[in-house]
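Step one of this worksheet: look at the structure below.
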Ligand SMILES: Nc1ncnc2c1ncn2[C@@H]1O[C@H](COP(=O)(O)OP(=O)(O)OP(=O)(O)O)[C@@H](O)[C@H]1O
Ligand SMILES: [Mg+2]
């Protein structure tokens, strides 16, 4: 909706239709100036006559002539006084009545009484202008109020149509107004009903500190007359007060929980037969089912590899769904890092050899460099990063795990001389199922879950991860974990 405060050409025209006041002969200023001029001329005339009389030789003017002049002067003064009084009276009449009417009309407009038009005042031009301007102001005010009224109706209709509850809260945390959905979403149960002036922290049972000059977001389980449901609440500061948006997300939360449950059950159920297949294949390869021809051994080896890929994928899906649901249990203990980095590198030496990539460990860690971590999950983190580095590096390339301590932190950097990662892709790397190129699914044999799991596990162990990469030159993933005293 556009809230425009632009000029109103029509009213401007109305305001400017008269010529400038100084040039108009029926103006108040003109009439007063004329009166003053006449008085001044009259004064000069009288002064001249009186000075002439006094200055003349008394013997040269006879007494009759003197009397005659005085009588003429008397008549002149009387006539002039009459004209002046009459003009002043006319001026007063043409000013005071319309002024009284105008001030009355202005008072009505100021008091909000806008339905009566201000009559155009006859007489002096200035008063006509003034009444015209006041009428234009009244009309502009009426149309602005109508416009505001329309906008208000539209906003109210929009708020009424919203399915989210919206509450306006004043600076003292009291509810000022709300839409119908707010009543529905916050329907009473053990909670009080929404009413004007009610404290919002009591209504929503929230900590008042959530109402600050920054937007905030929170969630709440709520028992109401309709049963229990999950509420998401967004608090947006306004210049005076806040707007609180409440949304019933019960369904969405239920679906997410169901999805996680489903993932967890399916992946768990898939693991059992996969473990059995892996076991049987291993037995066959060991010759427990009889001698194998080279062809059979080759096919079985490939089958074992593919089962391994599938097994890892199922495990990753299970981990990702547990991490998302916040129910992946970690066994955090003081963990010796030198042993961990050696294990991680030696676990991939075979794969690096197969892919003709040189895998090295450059460790400056002193014995007794210990971090708080889940050793199995730390292996998973390092394994994912080393596996990626090998996968995305051409034959003849190098992958190096650098390990050192710096400023109370253990710094583990997995560096490769591989294809690198474009800058715009780097910020999505730790998202679920993200892969830089279409062919990566086939190339990596994975689903794009590795880095998501790495990031989540690293955070859960109080660590950080960052990536630096230049396309065509290689990538470095750097992990930092706070060092702790060796036990
Ligand atoms: N060292 C690397 N060099 C270049 N690209 C990389 C590197 N590591 C990750 N990537 C890119 O990031 C994507 C996501 O990596 P991630 O480990 O999450 O998934 P994945 O390896 O494809 O599959 P998964 O790990 O689930 O088996 C990869 O598909 C690849 O495009
Ligand atoms: Mg990976």
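Here are some notes:
- If the condition is being out of contact with any helix residue (DSSP H, G or I) (no Cβ under 9 Å at 6 or more places or on another chain), within 13 Å of ligand 1 (Cβ to nearest atom) and either in contact (Cβ under 8 Å) with a residue 60 or more places away in the chain or part of a strand (DSSP E or B) (or both), then the stretch 401-447 contributes only 413.
- Long-range neighbours under 6 Å by Cβ, at least six apart or interchain, first residue under 15 Å from residue 479 (Cα atoms) within the stretch 375-394, second within 10 Å of ligand 2 (Cβ to nearest atom): 381/454; 384/450; 384/454
- Here the stretch 372-400 is the region considered, the condition is being more than 42 Å from the chain's Cα centre (by Cα) and outside any loop (DSSP other than H, G, I, E, B), and the residue that is nearest to ligand 2 (Cβ to nearest atom) is 390.
- Qualifying residue in the stretch 377-394 (condition: more than 27 Å from residue 335 (Cβ to Cβ) and either surrounded by fewer than 19 Cβ atoms within 10 Å (Cβ to Cβ) or not assigned by TED's automatic domain parsing to the domain that holds residue 469 (or both)): yes
- Residue within the stretch 111-126 that is surrounded by 12 or more Cβ atoms within 10 Å (Cβ to Cβ), outside the structural domain of residue 231 (by TED's automatic domain parsing), touching a helix residue (DSSP H, G or I) at 6+ places or on another chain (Cβ under 7 Å) and not in a loop (DSSP other than H, G, I, E, B) present: yes
- Within the stretch 356-376, the residues that satisfy the criterion of being buried (at least 17 other Cβ atoms within 10 Å of the Cβ) and within 22 Å of residue 440 (Cα to Cα) are 357, 359.
- In the set 254, 324, only one residue is farther than 28 Å from residue 379 by Cβ and surrounded by 12 or more Cβ atoms within 10 Å (Cβ to Cβ); that residue is 254.
- Residue match in the stretch 220-229 (condition: in the same structural domain as residue 173 (by TED's automatic domain parsing) and under 20 Å from residue 176 (Cβ atoms)): no
Condition check ((1) surrounded by 12 or more Cβ atoms within 10 Å (Cβ to Cβ); (2) in contact (Cβ under 8 Å) with a residue 24 or more places away in the chain; (3) within 24 Å of residue 156 (Cα to Cα)) across all residues:
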position	(1), (2), (3)
183	yes, no, yes
201	yes, yes, no
207	no, no, no
223	no, yes, no
235	yes, yes, yes
241	yes, yes, yes
250	yes, no, no
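- Verdict on residue 461 being surrounded by fewer than 16 Cβ atoms within 10 Å (Cβ to Cβ), modelled with pLDDT of 95 or more and more than 9 Å from ligand 1 (Cβ to nearest atom): no
- Residues considered: 429, 449. Of these, the only one that is touching a strand residue (DSSP E or B) at 6+ places or on another chain (Cβ under 8 Å) and within 16 Å of ligand 2 (Cβ to nearest atom) is 429.
The values are calculated or read from the model by the stated rules, or taken from the named source; none is laboratory data. The structure displayed is predicted, hence computed values, not measured ones. So basically every Cβ, Gly included, is an ideal-geometry build from the backbone, and we count neighbours across all protein chains shown.
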